[in-house]
Amino acid sequence: MKKVRFGIIGIGNMGSAHALSLTQDIRGAELTAVCDTNPDRLNWAKNNLPDSVQLFDTLEAFLASQAMDTVLIATPHYDHPGMAIQAFENDYHVLVEKPAGVFTKAVREMNEAAAKSGKLFGIMYNQRTNPLYIKLRDLIESGELGTVRRTNWIITNWYRSQSYYNSGGWRATWGGEGGGVLLNQDPHQLDLWQWTTGMMPKRVRAFCQFGKYRNIEVEDDVTAYVEYENGATGVFVTTVGECPGTNRFEISGDNGKIVIEDGKMTFWRLRVPEPQFNRGYTGGFGQPECWRCEIPIPGNGGPQHKGILQNFTNALLYGEKLVAPGEEGIHGLTLSNAMHLSAWTDDWVDLPLDEDLFYEKLQEKIRNSTFHKEQTAETVLDVKGTH
């Protein structure tokens, strides 16, 4: 294989951005086909993509064409697992947009299909290319922070106006999107939360408010508390309705704490680990000596979406290790499913998640929905500067 031929399903917000990246910026990649059921989007492709790119208006014709080696799925969330499974069955590699799906039961089936196919499978977790989180993961994995004791993430800078939700009828509905801020804006943070720390919680208690700030039926404000097997605890706070918002990730360990905020990393490092200090200190009031260390972070956010596209291409051409294996998409989704289920049942949710119960409750939400959202004409938005 001299070049990786990509075909994209769905050329709306993210799909069109990926299409342009593949035609302009990704070494060793070639965009050879796109598929969309919306004639306006196919017309956009005809006017903005090379003449060599084949256009398809049905998934069946697209998959039967063998016009590509890799299928990139950039459709609404519910479609991701089913389309990926069909692509694997038609002998394609698959790169799927986040989130992996809406409910873990379908994503587990997608993962099983990927394993059975033997094809390469990736997910667009572009924040894993951010040097901030790569460094954080390294500091935790290497033991520099010591045993993790507490994780706190306040991610409230996802401001979204009502016009954003009105831009598509599927947005912010149980039947169309399957969730709100947890499923649309936060998949990256939920992934990074477990990826950087190397821990999934053992149980979750969440409080979600639905349509608090916007005329939507799904969650737009969430506060969740988690407990880990090693005794550590964590808090996750998110919303789309506050401005200005905050993005602060704080991780405390035996050797101090690390704070990521405003694109910077500060390590408040203890000269002596807290447990060691506590065992030997006899002076009553007092605490370990602490050094404030500003950790240098190069790269200005990393290559983001283009980094994942380049990495996936390099994996096929040269055997490069995937930054974001598709099978790992289930972890962040498990966290959002658990938060939803906790709010719906007003109770703790233990992990592993009861996938059947979650699916049952989600179907109840869809069946019982009487929500009608004002919608303007279907609009493709500029995603530049978003995650």
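The values are calculated or read from the model by the stated rules, or taken from the named source; none is laboratory data. The structure displayed is predicted, hence computed values, not measured ones. In this analysis, Cβ positions are derived from the backbone assuming ideal geometry, glycine residues included, and neighbour counts consider all displayed protein chains. Calculation scope for accessible area: heavy atoms of the full protein, side chains included, ligands and nucleic acids excluded. Shrake-Rupley method; radii C 1.70, N 1.55, O 1.52, S 1.80 Å.
What the table shows:
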quantity: Unmet criterion (only one of (1) open to solvent by 80 Å² or more (accessible area, probe 1.4 Å); (2) at pLDDT 95 or above; (3) of a type in the set (Lys, Arg)) for Lys384; calculated: (2)
quantity: Qualifying strands (runs of 3 or more DSSP E) (wholly inside the stretch 253-323; at least 1 residues being within 24 Å of the chain's Cα centre (by Cα)); calculated: 256-261, 264-270
quantity: Residue within the stretch 114-134 that is open to solvent by less than 20 Å² (accessible area, probe 1.4 Å), more than 28 Å from Leu353 (Cα to Cα) and not polar (S, T, N, Q) present; calculated: yes
quantity: Residues located in the stretch 349-365, provided they are touching a residue at least 60 places away in the same chain (Cβ under 8 Å) and out of contact with any Asp or Glu (no Cβ under 9 Å at 6 or more places or on another chain); calculated: Val349, Asp350, Leu351, Leu353, Glu355, Asp356, Phe358, Tyr359, Leu362
quantity: Filter pass, Leu270 being surrounded by 13 or more Cβ atoms within 10 Å (Cβ to Cβ) and touching a Cys at 6+ places or on another chain (Cβ under 6 Å); calculated: yes
quantity: Of all residues making up the stretch 57-78, the number that are surrounded by fewer than 18 Cβ atoms within 10 Å (Cβ to Cβ) and part of a helix (DSSP H, G or I); calculated: 3
quantity: Among residues of the stretch 10-23, those that are touching a helix residue (DSSP H, G or I) at 6+ places or on another chain (Cβ under 6 Å) and among the aliphatic types (A, V, I, L, M), counted; calculated: 1
quantity: Single condition Thr238 does not satisfy, out of (1) open to solvent by 20 Å² or more (accessible area, probe 1.4 Å); (2) in a strand (DSSP E or B); (3) among the polar types (S, T, N, Q); calculated: (1)
quantity: Identity of the residue in the stretch 137-156, within 20 Å of Gly302 (Cβ to Cβ) and in contact with a Phe, Trp or Tyr (Cβ under 8 Å, 6 or more places away or on another chain), that ends up surrounded by the fewest Cβ atoms within 10 Å (Cβ to Cβ); calculated: Arg137
quantity: In the stretch 79-97, the residues that are touching a helix residue (DSSP H, G or I) at 6+ places or on another chain (Cβ under 6 Å) and buried (at least 22 other Cβ atoms within 10 Å of the Cβ); calculated: Pro81, Ala84, Phe88, Val94, Leu95, Val96, Glu97
quantity: Number of the exception - Gly329 against (1) within 23 Å of the chain's Cα centre (by Cα); (2) without any contact (Cβ under 8 Å) to a residue 12 or more places away in the chain; (3) in a helix (DSSP H, G or I); calculated: (2)
quantity: Flag for Ile26 being modelled with pLDDT of 95 or more and over 21 Å from Pro76 (Cβ atoms); calculated: yes
quantity: Conditions (1) under 13 Å from Leu139 (Cα atoms); (2) of a type outside the set (A, V, I, L, M); (3) open to solvent by 60 Å² or more (accessible area, probe 1.4 Å): number failed by Gly256; calculated: (3)
quantity: Residue that is nearest to Phe267 (Cα to Cα), among those in the stretch 277-307 that are open to solvent by less than 60 Å² (accessible area, probe 1.4 Å) and in contact with a Phe, Trp or Tyr (Cβ under 7 Å, 6 or more places away or on another chain); calculated: Cys293
quantity: Identity of the residue in the stretch 107-145, part of a helix (DSSP H, G or I) and hydroxyl-bearing (Ser, Thr, Tyr), that ends up nearest to Val323 (Cα to Cα); calculated: Thr129
quantity: Options Gly241, Gly168: the member that is modelled with pLDDT of 95 or more and within 29 Å of His305 (Cα to Cα); calculated: Gly241
